[in-house]
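Read through the structure below, which is laid out as structure tokens, and then see the notes.
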Ligand code: ARG
């Protein structure tokens, strides 16, 4: 289905052609002066240069053909040669009625594409903190959007389970519990079914281990030595792990198991759902084949003990260092696991594209990895490797968000903070049962958080501001939900009395505000398509906000449940469509609406 703008454009293009000009000058855009008109065409200005004519003469000729055309309510020339356009009421309502019949508002679906979305990326054995919020929220939305366009989508959490942090945790466990069978080389029996530690233990162990590797500037030599020795031991453990050494590997498996159980619950609370729970470790089995392949191609060489591949290109403006494929001693590093994972994904899923939702500070890492993977031919050359780098969520001081006493903010606490803020607000306003209030504040709180995150451009940093995010007015999740709840309330009121509508037809608008609302609605298809093509959920956020604004003015001005039967049916059809739009939109952003609020 073509968009309303394309439909108008077709008429204008034909007229340009009829007057002897190239039809490419007939491009129609949204008006940048909504006070004057709804759409505009600036083509006569460009055409004037090409055909050596005065712009408004060209525009006059083009418009003369269109004066009587049924698609336009108004089409006129404004000097020096702009064409201002208003769509006719009939064309507009016809368009919206067509949209109603489409299952997905007339979007151009894009099936037969396999897209892997790599998002979440938590590290095993470390608690989830605010830094994990953005990849989860953005990735989930991007995945839902791709899925909506009927791509075959595969969301992979890509656990950080193979790095030094694992070696550190193991070292600390060994220090505390040297008697554990995992550390006894001569142990021959089975390892215990039940882990000898809990999630809370893990949460405490990692920071403790990590602190042991650090020392400050004026530390005594002894202290430095101690820190380095601890780190060295952790490195050794990591290498043992990667060799799958008995005991170490078994303990590691338990750590992953306990961590993953906990992670699953946390992501569930965020309404974030992965298709694959693979991790860095799952790519280890591809490392050898990958290195062999690189050797065969003659692209890998030794440098300071490590194995590297050159990835610089002539057109680079800054120097791009070689990609380290293995650390000295053949130990896998972050690049190794990402490269081997690409190979694994190629073999298992033959994707058309892989989208990485990762902190933008990792851009260089991914540039190196992407180039290296193509050079090593471990992925097809035409696979689109997309780096979707996100900015940081900062506190009001402009620095990465922290707790009040300066510690890393745990995700759970952040969510609780938002939920209680919403709860507080509901407490003041509505007569709801305690249970309802609890339930609703969770739904609305999550919406507040997700909407606030997604309404920013992904790569931008933004400031965490509970009061702003949870406001019931303005560009916020609660405002969107509030509007949807209002729509549902009107619909319920109508259907409550056993009313039925005859036809699901939206009549031509009478009031200006009705026309404005239909125009807004007609643009949903474009908003969805842009969000898909640009991986930009923010387009949906902005659209829903504008729609909510227009709807709320409509709600003030129009008596929705009054009028003759046809008008009433039309109003109800319009509201049902609005409900569908809002529900699909918030689904794509990753949240839900309560029944009341
Ligand atoms: N675990 C990583 C981190 O905490 C993020 C993983 C992102 N995905 C990837 N394929 N590297 O930085």
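Remarks
- Consider segment 371-395 and keep the residues that are within 14 Å of the ligand (Cβ to nearest atom) and over 21 Å from the mean Cα position of the chain (by Cα). The one that is farthest from residue 130 (Cα to Cα) is 379.
- Residue 491 vs. criteria touching a residue at least 60 places away in the same chain (Cβ under 8 Å), in a helix (DSSP H, G or I) and surrounded by 19 or more Cβ atoms within 10 Å (Cβ to Cβ): no
Listed here are the residues, each with its yes/no results for (1) assigned to a helix (DSSP H, G or I); (2) over 38 Å from the mean Cα position of the chain (by Cα); (3) closer than 20 Å to residue 229 by Cα.
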site: 155; (1), (2), (3): no, no, no
site: 166; (1), (2), (3): yes, no, yes
site: 172; (1), (2), (3): yes, no, yes
site: 175; (1), (2), (3): yes, yes, yes
site: 178; (1), (2), (3): no, yes, yes
site: 185; (1), (2), (3): no, yes, no
site: 188; (1), (2), (3): no, yes, no
site: 192; (1), (2), (3): no, yes, no
site: 195; (1), (2), (3): no, no, no
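- Just one residue in the set 143, 188 is over 24 Å from residue 237 (Cα atoms) and either away from the ligand (no atom under 15 Å from the Cβ) or in contact with a strand residue (DSSP E or B) (Cβ under 7 Å, 6 or more places away or on another chain) (or both); that residue is 143.
- Identity of the residue in segment 117-133, at pLDDT 90 or above and over 25 Å from residue 253 (Cβ atoms), that ends up surrounded by the fewest Cβ atoms within 10 Å (Cβ to Cβ): 133
- Residue list for segment 278-304, restricted to those being outside any helix (DSSP H, G or I) and either over 25 Å from the mean Cα position of the chain (by Cα) or surrounded by fewer than 17 Cβ atoms within 10 Å (Cβ to Cβ) (or both): 298, 299, 300, 301, 302, 303, 304
- Just one residue in the set 382, 338, 397 is farther than 30 Å from residue 476 by Cβ and surrounded by fewer than 17 Cβ atoms within 10 Å (Cβ to Cβ); that residue is 382.
The values are calculated or read from the model by the stated rules, or taken from the named source; none is laboratory data. The structure presented is a predicted model; accordingly, all values stated were derived computationally and were not measured. Neighbour counts are summed over all protein chains in view; Cβ atoms, including those assigned to glycine, are modelled from backbone coordinates with ideal geometry.
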